[in-house]
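Contents: one structure, followed by commentary.
Throughout, read-outs are computed from the coordinates displayed, never taken from laboratory work. All values derive from a computational prediction rather than experimental measurement. Cβ atoms come from the backbone with ideal geometry, glycine included; neighbour counts cover every protein chain shown.
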Amino acid sequence: MSTRDVLWSSLLLLAAFGLYAVNLGRAPIYLHEAEVVFALHAHSIATTAHDTNGRLLPLYFQVPAIGENVWFHPVIVYVMAPFLKLLPLTESTARLPSVFVGLIDLVLIYLIGKRLFHSARWALVASVLLALTPAHYMHSRMAMDYLYPVPFVMAWLLCLLIFIERGEIWILFVATSLLGIGFYSYIASVIMMPIYLVVTCLTLLLSGRRPMRQYGVAVAGFAWPLVMLVLWVSFHPAVISETLGRYQVGEVRAVSAVGGGVSMAVLLEQVRHAVRFSEFTGRVSMYWYFFDPAYLFLSGGYANVVNSTRHVGVFLAPLLVFVPVGLVRIATARRTPLTLLVFIGFLSAPLAACLVVPEPYAVDRELELLPFGVLAATFGVKYMIDERGKAWRIAGVCLLALVPLHFAFFCWEYFGNYRLQSAFWFEYNRRGAMEEIIAREPRDHPVAIYMSTHRIPYLDDYWRLYLIKHGRQDLLRRTVYFEADTLDVGTVPRGSVLLASRQDASLQKLVEAGELRSIALIPEPGDPPAFEILQR
């Protein structure tokens, strides 16, 4: 890279960091339950080298609150841990690692663009387009693992491009090793990373590289990181059936784990018979939903507000022109092994989303789409501005000028109405409720702190996180979790405080009867209060 390239890239990264990190702890408005779970595991790894279940540096992280055989992929936790080793646990620091993952994506797409377009200018355009992509921006600001496969896929693509240029076999090994390691980044990677291995072999074939040694190296690079997985599954065989059942793939019965007398061969045979072909065909029919122009460029996924404001697409609206133009350009006039990688990458991105969850427009399941879509759009911009006549050039420049304007509208929505409308999806103001209790403790010094688990899932995880944030883990000794419907108020010591949902009818009756009194309503910026602090 020239000095000029380094300067422009540095300025872009600095601007992107400011844009991606602004008001990080308050937008999204609250921590999602998944963010809390990841943050607690990462903080525990950072401070004790054990997860919250007491396991030393585990390969996967168990989440008993969801199910006995529910295990989350580990990459996000081990990326977060160094940050929480150096920084105190807060909403912002929990989300900060994802910001850096997003910035790494911008660097990688710049380097990929340099090789695809042989131009720093067009590489910079690709990087800017990715930086201003709404889905990329939103997922770079959440402590969730949806975005974490993307840098592995982009690094694989970059290494594969370098290998095709240079022919050095070790680069091919590194490329597929990145896919193998990326297998641990998110559940959809279990499907997508093997697909990209197949794409690697297809690329080798199309580029005229046919020695079996290269295919062997590619497979070996992918396989070595998975050795640990094979060993791990041998100790947790029920995970396969439980995971398939959780994602509604067939009617797979749970089997016993270690000591259950079920071999891996028997387990896999059960899975093979339980998964019905008709279900897979139904999932594949959803494939076309993921290329709906309204979803991609206008409204985004409407099913889950965590992933979309519902007023801006996965990509900005001008890419409604750039992406199709770029794909057509690749398919008709620029067909090389390198450009076909972009084409295949774009078309294959929804495969895991179709097979994993029966949820149309689930952008979080297909974020690998983003870099391939942006590269296709850059091909389209370049074609319109550099390779066509005056009318096309004017249209391309005008559409490109609309990109920052549409992103400005997205930001206005994201930091405005979206924060208010998404409170329900981010579990309402648990932060305010728990920080209210912590703030009252030195003043009122409650005898005990009662937490109603009725209608408030993951309550214990949120409480532990905010106690860590404020350095008040000592309050755990005085914490009692209870079910509102079975509470015997006579056993509650006088002076105790209770956190309750406003929908707890049984507790509201106790307030009306004078057995409890309300001492604080926890406000919501766009909704009626969801939580209330009571006192005995």
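Backbone geometry of the stretch 497-511 corresponds, through the Karplus equation with coefficients 6.51, -1.76 and 1.60 at θ = phi - 60°, to 3J(HN,Hα) couplings of 10, 10, 8, 9, 6, 5, 8, 6, 4, 5, 6, 5, 5, 5, 5 Hz, x marking Gly and Pro.
Each principal axis of the Cα cloud of the stretch 352-476 was evaluated for its coordinate range; sorted largest first, these ranges are 78, 36, 24 Å. Using the Cβ-Cβ distance between GLU68 and SER10 with R0 = 41 Å, the FRET efficiency computed as 1/(1 + (r/R0)^6) comes to roughly 0.25.
A simple spin-label model places the labels of GLU359 and THR486 3.1 nm from each other, with each point 7 Å out along Cα-to-Cβ.
Centre-to-centre, using Cα atoms only, the stretch 291-309 and the stretch 368-406 are separated by 21 Å.
Treating r as the C-beta distance of LEU420 and ASP474 and R0 as 35 Å, the FRET efficiency rounds to 0.50. Each Lys or Arg adds one and each Asp or Glu subtracts one; over the other residues with Cβ under 13 Å from the Cβ of HIS139, this totals -3. Overall dimensions of the chain, expressed as equivalent-ellipsoid semi-axes from the Cα gyration tensor (√(5λ), whole Å, largest first), are 44, 29, 21. Cross-link partners of LYS390 among lysines, defined as those whose alpha carbon lies under 20 angstrom from its own and excluding same-chain residues fewer than eight positions apart: LYS382. Each part gets one Cα centre, and for the stretch 464-525 versus the stretch 123-182 those centres are 47 Å apart. Here the Karplus curve 6.51 cos²θ - 1.76 cosθ + 1.60, taken at θ = phi - 60°, turns the phi angles of the stretch 342-356 into couplings of 5, 4, 5, x, 5, 6, 8, 4, x, 4, 5, 4, 5, 8, 7 Hz, with x standing for Gly and Pro. Database remark: amide H of GLN62 closer than 5 angstrom to the amide H of PHE72 (H placed geometrically; neighbours at sequence offset of 5 or more, or on other chains; Pro and chain starts carry no H).
Distance between the pseudo-spin-label points of ASN304 and SER92 (7 Å out from Cα toward the beta carbon): 2.8 nm. Extension gain for ALA294 to CYS201 (0.36 nm times residue separation, less C-alpha to C-alpha distance): 30.1 nm.
Extension gain for ARG55 to TYR287 (0.36 nm times residue separation, less C-alpha to C-alpha distance): 79.6 nm. Here each label is just a point 7 Å from Cα along the line to Cβ, and for PHE100 and ALA513 those points are 5.4 nm apart. Extension gain, MET212 to HIS445: 0.36 nm times the residue separation minus the Cα-Cα distance gives 76.6 nm. One equal scatterer on each Cα of the stretch 430-535, no solvent, Debye formula: the resulting log10 I(q)/I(0) at q = 0.14, 0.15 Å⁻¹ is -0.49, -0.57. A Förster radius of 45 Å, combined with the Cβ-Cβ distance separating ARG166 from PHE235, puts the computed FRET efficiency at roughly 0.65. Each stretch of four or more DSSP H residues adds -39500 (n - 2.57); spread over every residue of the chain, this sum gives -18000 deg cm²/dmol at 222 nm.
All alpha carbon pair distances within the stretch 57-176 were sorted into 10 Å bins beginning at 0; the resulting P(r) in whole percents reads 13, 32, 33, 18, 4, 0.
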